[in-house]
Every structure is written in structure tokens, then in C-alpha cells.
Amino acid sequence: MKPKNEWLTVLVAGVTLTACGGAWGDGGDTLTPAASTIVTRVPAATYAANSSEALVYETLNAERLQCGFGLLAQNARLDQAAIAHLNYLAQNNAVGHFQEPGKAKFTGVYLDDRVAASGYDRKQVGETVSTVPPTENAEYAVRFILSAPYHALVALHGLRDIGLALGPSTVGTQTLEMVFGLAKDAEHQDAGKVLTYPCEGSAGVFAARGAEVPTPFPAKPMPSGASPSWSRARAT
């Protein structure tokens, strides 16, 4: 089994997270807020109306906008990279972030390789892969990702572009592949303040979730033998 830190590197897949401190004022006790670079308008996506891809895109952007993370723009080259990786997973009955040379539909071992093969000139890229039951719809697949802390970290990061694909992969399941990008000449989205997810006004968020890889929980087993999970706090 991979160490937790290695799994997190796999999940983030090329996204570098940097903590930027604000400049102190003359009094030494006030932070100068950064100017917001949040995107609130993007070109209309070209996913087919009422398609699963359109529902994924609309659901994720609605959640990002509601909580102040900004909109993502559809990018055809990232769509190409996402579709190619989904095809690889389906062809090889696999789940994961890597590809193996020599196998059918191979386009690159790492996300960076696959994005380069699609022609996206990147500064940074990130990826989430989530497998859900075939009975669930595209909105469920997005909310499943957002309910897992490390996956949500990638899906809500300040990149600007997205490509996605949703379809059958391993037998009896469907996989949502989302590739996030920041073009070489672009800057991160930054609200200039601390953001949270869920936030005030969020609806439809999963009440509880567990079984994320990597897991945010310590390796120590629970006395009951049950798998640990996390829940949203509820007002009473």
C-alpha cells in the first residue's frame, strides 16, 4: 500500500499549493487583503444539452460559485485528455491516475504527459478520478468528489480550466474523470480571503462520507472495527 503522502501527491497530480502571506500595515497588526481574481463569467460550454457531462460541469461550477471559488471554463484540450484517460481505464479495466506503457489506449504515464499530448500548454494541472455505481447520476458523482476532503481540495483549487469525461470503466461501475488546468500565461483564481466548503447557502451536500484514498484519518483502527467516516456539523 502506498504511503499517505505519496497517495496525496498522486491525487493532486501536479498542482502546487502555496500559502501566500499578506503584507503587514504600518501598525503591524493588520493584513492587507489581496485583490480578488475570482472568475464570475466564462464562455458557454459546448457539452450536449442534458448530457451527463453538461450536468457535471453545471453542478461543479454552481458549487464553486456559491462558495466563492470562481467558475471554471471548459477547455477542449483538457476534455481530450480526460476522454483519453477514461478510455484507457475502460479498455484495461483499471482505476487510477497512472497509465502503463504498452497497454491499449496509452497516452502517457502521468497527468502531465497526457495533458501535453493533448496540446494544453500548462502552468499547473490537477486531476480527480471517482468511481460510482451505474445507478447514480452525474450530479451524484460530483457531490461524491466534493464530499471527500483531498478530492475537494483539487476540485475547488484556483485553477481556471476544466476538461471532463464520464462513462463506464471497470465492470459494473462508471467513472468521472476531471482534469483541471492553469494555462502558462494565466494566474490563479484568488478570492483574497479564506473560503470554506460547504458554505452558507450550500444544499445537497452529502451528510457523511468515508473510504477516501488517501484517507485523512490516522491509521489506528477504530475499536468497533468499523471504517471511519466524517460528517457535516448540523445545527440543532
Packing-based ranking, highest mean first, of 182-188, 111-117 given that Cβ atoms within 10 Å are counted: 111-117, 182-188
Backbone N under 18 Å from the residue 65 label point (7 Å along Cα→Cβ), restricted to the stretch 152-173: 156-163
HN-Hα J in Hz across the stretch 94-111 - Karplus 6.51, -1.76, 1.60, θ = phi - 60°, x for Gly and Pro: 10, 9, x, 9, 10, 10, 10, x, x, 8, 4, 6, 5, 10, x, 5, 9, 4
Extended-chain gain in nm, criterion 0.36 nm per residue less alpha-carbon gap, residue 190 and residue 202: 2.3 nm
Set of aspartates and glutamates with alpha-carbon distance to residue 193 below 20 Å, sequence-local pairs under 8 removed: 29, 63
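Quick note: the coordinates plus some simple rules give every number you see, no bench work behind them. Treat the numbers as computed from the prediction; the structure is a model and nothing was measured. No Cβ is skipped: glycine too gets one built from the backbone with ideal geometry, and neighbour counts run over all protein chains shown.
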